Amino acid sequence: MDVVVKRQEPPSVPALGTLLVDVLQDRVGEFRGEWFGLWYLRPVTGGTEWTVVPGSTRPVTPEQRLRAETARRNARSRGELL
């Protein structure tokens, strides 16, 4: 019996600023770039970037996008560093 293994292609690199969910940490971040196969995400309200494996991300839902945009605007209105 032959077993066929389907190889998955790595996800394409998203545009800078794209909101993604890190499914391992259940955390929304803004895509900041790629380096040696790892993606860098940054919290939408500012802060330290973290790395993710591209396969452990997914696009945000409309609800998550609204929450992230609201959090960003609220942080900006408070004068927090972004």
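If the condition is being touching an Asp or Glu at 6+ places or on another chain (Cβ under 7 Å) and modelled with pLDDT of 95 or more, then segment 30-55 contributes ARG32, TYR40, LEU41, ARG42, VAL52. If you go through segment 35-50 and keep only what is of a type outside the set (A, V, I, L, M, F, W, C) and either touching a Cys at 6+ places or on another chain (Cβ under 7 Å) or exposed (fewer than 13 other Cβ atoms within 10 Å of the Cβ) (or both), you end up with GLY37, THR48. Can you confirm whether GLU80 is out of contact with any strand residue (DSSP E or B) (no Cβ under 9 Å at 6 or more places or on another chain) and modelled with pLDDT under 95? Spelling it out, GLU80 is indeed out of contact with any strand residue (DSSP E or B) (no Cβ under 9 Å at 6 or more places or on another chain) and modelled with pLDDT under 95.
For PRO59, the conditions (1) surrounded by fewer than 15 Cβ atoms within 10 Å (Cβ to Cβ); (2) over 14 Å from LEU16 (Cα atoms) all hold with the exception of (2).
The values are calculated or read from the model by the stated rules, or taken from the named source; none is laboratory data. From a predicted model like this one, the values you see are computed outputs, not experimental measurements. Cβ coordinates were reconstructed from backbone atoms using ideal geometry, including for glycine residues, and neighbour counts include every protein chain displayed.
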